Amino acid sequence: MNLTVKPNPNKHTHIRKPDFEDLYIGVRQQEKRMYTDEQLMNLPEIDSLHVYSNEWKIRKRSAERLIAYLQRKRRNLRILEVGCGNGWLSAKMAALSNTKVTGLDINQIEIAQANRVFKTDNLDFIYDTFNDSTFEKEKFDVIVFAASIQYFPSLINVLNQALAILNERGEIHIIDTPFYDALGASEADQRSRNYYTALGFPEMADHYYHHSLSEFWGFKYRELFNPDKIFNRLFRKDPFYWIAIRK
């Protein structure tokens, strides 16, 4: 994939700065995170020899916790997953009774794959950005950010956008995402810059943000899973918080 050079109608050569979608797909390909249709249908189950098998075990457990929580609601749920990628988690949520699920992502390649592999009567996938006008006439009972909220520069802004399209009694759920204190965020930012530079996509570091738990102050939030609690550190060893925010 050529991320930089694009013909210009003028006689001068124009160097195009790659946008987020270009960079994201390039990184995914370099990391070998693009999956075949057969692999995708089975996620989060994957061959134990796969390079990301341990990561998928973590994501399986967090998905199971979320789905069990949603199942206990025992009512019709309109669910939006923001940053759904290839759609595997949206498909799992759509398997619950009385749900209508929409997966949204700016990654056209994986959205096309999700539509090809998973689309059903109660599951749609949309290729678009998430902003104030994306769902002007729709409301949701649940909005999920799974390993995606770190791509939004302002946690406060994106949460307010999500709250604006929540129904009464609606909830936002954030899973599979690291959070930091101030020092940890600075160190993580440098690690990310080193990592993306080594991959050959240094610009990607400008699209990856390191948020802190303090940014949830002012929101009605709960920690449904805290990885720092002693029991979780000793026995579960899952590294990510599960944050739920109510309207």
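Only the coordinates and a few stated rules stand behind these numbers; no lab work does. Because the structure is a prediction, the values reported are computed rather than measured. Neighbour counts are summed over all protein chains in view; Cβ atoms, including those assigned to glycine, are modelled from backbone coordinates with ideal geometry.
Once the Cα atoms of helix 53-71 and of the chain are each reduced to a long axis, what angle between those two axes, in degrees from 0 to 90 to the nearest 10, is obtained?
40
What angle do you read, to the nearest 10 degrees and between 0 and 90, between the alpha-carbon axis of helix 155-164 and the longest principal axis of the chain?
60
Could you give each residue of segment 211-228 its phi-based ³J(HN,Hα) in whole Hz, using Karplus coefficients 6.51, -1.76, 1.60 with θ = phi - 60°, and x for Gly or Pro?
Along segment 211-228, the couplings run 8, 10, 5, 4, 5, 7, 4, x, 9, 7, 10, 10, 8, 7, 9, 10, x, 8 Hz.
By how many nm would the segment from Ile156 to Phe20 lengthen if fully extended, with 0.36 nm per residue of separation less the alpha-carbon distance? Please report the intermediate quantities before stating the final value.
Numbers: separation 136, 0.36 × 136 = 48.96 nm, distance 2.05 nm.
Length difference between fully extended and current span is 46.9 nm.
Based on the Cβ-Cβ distance from Ala198 to Asn131, what FRET efficiency comes out when R0 is 35 Å, to the nearest 0.05?
0.65
Before anything else, pin down the relative contact order of the chain: Cα pairs under 8 Å, at least 6 apart, normalised by residue count, whole percent.
Values: 382 pairs, mean separation 38.4, N = 247.
Relative contact order of the chain: 16 percent.
Please tell me which of these pairs span more than 26 angstrom C-alpha to C-alpha: Lys73/Lys100; Lys92/Lys229; Lys57/Lys247; Lys119/Lys139; Lys119/Lys237; Lys73/Lys220? Intermediate results must be reported in sequence, preceding the final value.
Numbers: Lys73/Lys100 14 Å; Lys92/Lys229 28 Å; Lys57/Lys247 31 Å; Lys119/Lys139 21 Å; Lys119/Lys237 33 Å; Lys73/Lys220 19 Å.
Beyond 26 Å between Cα atoms: Lys92/Lys229; Lys57/Lys247; Lys119/Lys237.
Once you keep just the Cα pairs under 8 angstrom separated by 6 or more residues, what percentage relative contact order results for segment 156-221? Walk me through the intermediate numbers first.
Values: 36 pairs, mean separation 23.4, N = 66.
The value is 35 percent.
Tally Lys and Arg at +1 and Asp and Glu at -1 over the other residues with C-beta under 12 Å from the C-beta of Asp181: what net charge comes out? Before the final figure, lay out the partial values.
Numbers: positive: none; negative: Glu187, Glu215, Asp228.
Net charge around Asp181: -3.
Summing +1 for each Lys or Arg and -1 for each Asp or Glu, what net charge is found among the other residues whose Cβ lies under 13 Å from the Cβ of Ile79? Don't jump to the answer; show the numbers that get you there.
Working: positive: Lys73, Arg75, Arg78, Lys92, Lys100, Lys139; negative: Glu81, Asp124, Glu138, Asp141, Glu171.
Surrounding charge for Ile79 is +1.
Multiplying the sequence separation of Ser214 and Glu31 by 0.36 nm and subtracting their Cα-Cα distance, what value in nm do you get?
Roughly 62.8 nm would be gained on extension.
Which ³J(HN,Hα) values in Hz, rounded to whole numbers, follow from the phi angles of segment 134-140 under the Karplus curve 6.51 cos²θ - 1.76 cosθ + 1.60, where θ = phi - 60° and Gly and Pro get x?
Running phi through 6.51 cos²θ - 1.76 cosθ + 1.60 with θ = phi - 60° gives 5, 10, 5, 10, 10, 10, 10 Hz.
Arrange Val82, Val158 by Cβ neighbour counts within 10 Å, fewest through most, would you? Each step should come with its number before you reach the end.
Numbers: Val82 23, Val158 20.
Sorted ascending by nearby Cβ count, the order is Val158, Val82.
Segment 153-247: Rg/Rh from Cα coordinates, Kirkwood Rh? Write down the numbers at each step before the final one.
Numbers: Rg = 15.3 Å, Rh = 15.0 Å.
Radius of gyration over Kirkwood radius for segment 153-247 works out to 1.02.
Report the relative contact order of segment 78-214, percent, no decimals, based on alpha-carbon pairs under 8 angstrom and at least 6 residues apart.
Working: 229 pairs, mean separation 30.1, N = 137.
Reported relative contact order: 22 percent.
Roughly how tilted is helix 20-30, in degrees to the nearest 10 and between 0 and 90, from the longest Cα axis of the chain?
Around 90 degrees separate the two axes.
For segment 22-70, state which chymotrypsin sites (Phe, Trp or Tyr not before Pro) are in a DSSP loop and have at most 16 other beta carbons lying within 10 Å of their beta carbon.
On the way: sites: Tyr24, Tyr35, Tyr52, Trp56, Tyr69; in loops: Tyr35, Tyr52.
Hits after loop and neighbour filter: Tyr52.
Name the long-range amide H neighbours of Val144: under 5 Å, sequence gap of 5 or more, or other chain; modelled H, no Pro or chain starts.
Correct list: Leu80, Glu81, Val82, His173.
Only Lys, Arg, Asp and Glu count, each charged at its Cβ (+1, +1, -1, -1), so figure out the dipole size of segment 146-202 about its Cα centre, rounded to 20 debye.
Values: 3 positive and 6 negative charges, 33 e Å.
Roughly 160 debye, rounded to the nearest 20.
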